[in-house]
Amino acid sequence: MSLWIALLIIAYVLLLLEAIVPGGVLGVIGFLCLAAAGWSAGEEHGFLIGGIVFVAGSLGGLVLIFAELHWLARSRLGNVLFLGKEISGKSNPEVATEAVIGKEGEASTPLNPSGYAQVEGQQYEAFSEDGYLRKGTALEVTGLDNFRIMVRKKQ
């Protein structure tokens, strides 16, 4: 078997593995094997044939990767390897603006001294300046501290 055929086969195997083990290294090595296969074919049969082997091998590699990803995404193995569901939700609660300062609300959880408070229908992380407050206590927003509101028991 010719060296260029062996390099072409190695390149295709590396390109197949690149779809399963992402990171780019196997793809780059596969592309280098394609280039080496073209060079080897050029040395053996002339540089026109080497160029044809490189171009046709590269196109074949692209088709192979596309077909693999198309097939793999719909296979049982692909269900294990690829994320098939969207993740919905919020990573952080709503951050209060200065417009809530002076507003009244209610403790959604016990504030010991931190917890959650509801102000105008919005849930915020809160810090009680009065120390411990029970759930349901009427509150007044006195300020902001980074991502939470500062509250005091309503007088």
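Since every read-out is calculated from the coordinates, none of them should be taken as a lab result. Everything numeric here is computed off the predicted structure, so don't read it as measured data. Every residue, glycine as well, gets a Cβ built from its backbone with ideal geometry; the counts of neighbours run over all protein chains shown.
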Report summary line: Per the list (1) over 24 Å from residue 11 (Cα atoms); (2) out of contact with any Lys or Arg (no Cβ under 7 Å at 6 or more places or on another chain), residue check on residue 32 breaks on (1)
Requested in this report: Check every one of the helices (runs of 4 or more DSSP H) wholly within the range 4-119 and list those with 2 or more residues that are acidic (Asp, Glu).
Outcome: 25-45
Report task. Check 95, 100 and return the single one that is within 30 Å of residue 150 (Cα to Cα) and surrounded by 13 or more Cβ atoms within 10 Å (Cβ to Cβ). Result -> 100
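Okay, residues lined up against (1) hydroxyl-bearing (Ser, Thr, Tyr); (2) in contact with an Asp or Glu (Cβ under 8 Å, 6 or more places away or on another chain); (3) touching a residue at least 12 places away in the same chain (Cβ under 8 Å):
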| residue | (1), (2), (3) |
| --- | --- |
| 8 | no, no, yes |
| 20 | no, no, yes |
| 27 | no, yes, yes |
| 73 | no, no, no |
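Residues checked against (1) within 30 Å of residue 129 (Cα to Cα); (2) of a type outside the set (Val, Ile, Thr):
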{"residue": "21", "(1), (2)": "no, no"}
{"residue": "54", "(1), (2)": "no, yes"}
{"residue": "62", "(1), (2)": "no, yes"}
{"residue": "69", "(1), (2)": "no, yes"}
{"residue": "103", "(1), (2)": "yes, yes"}
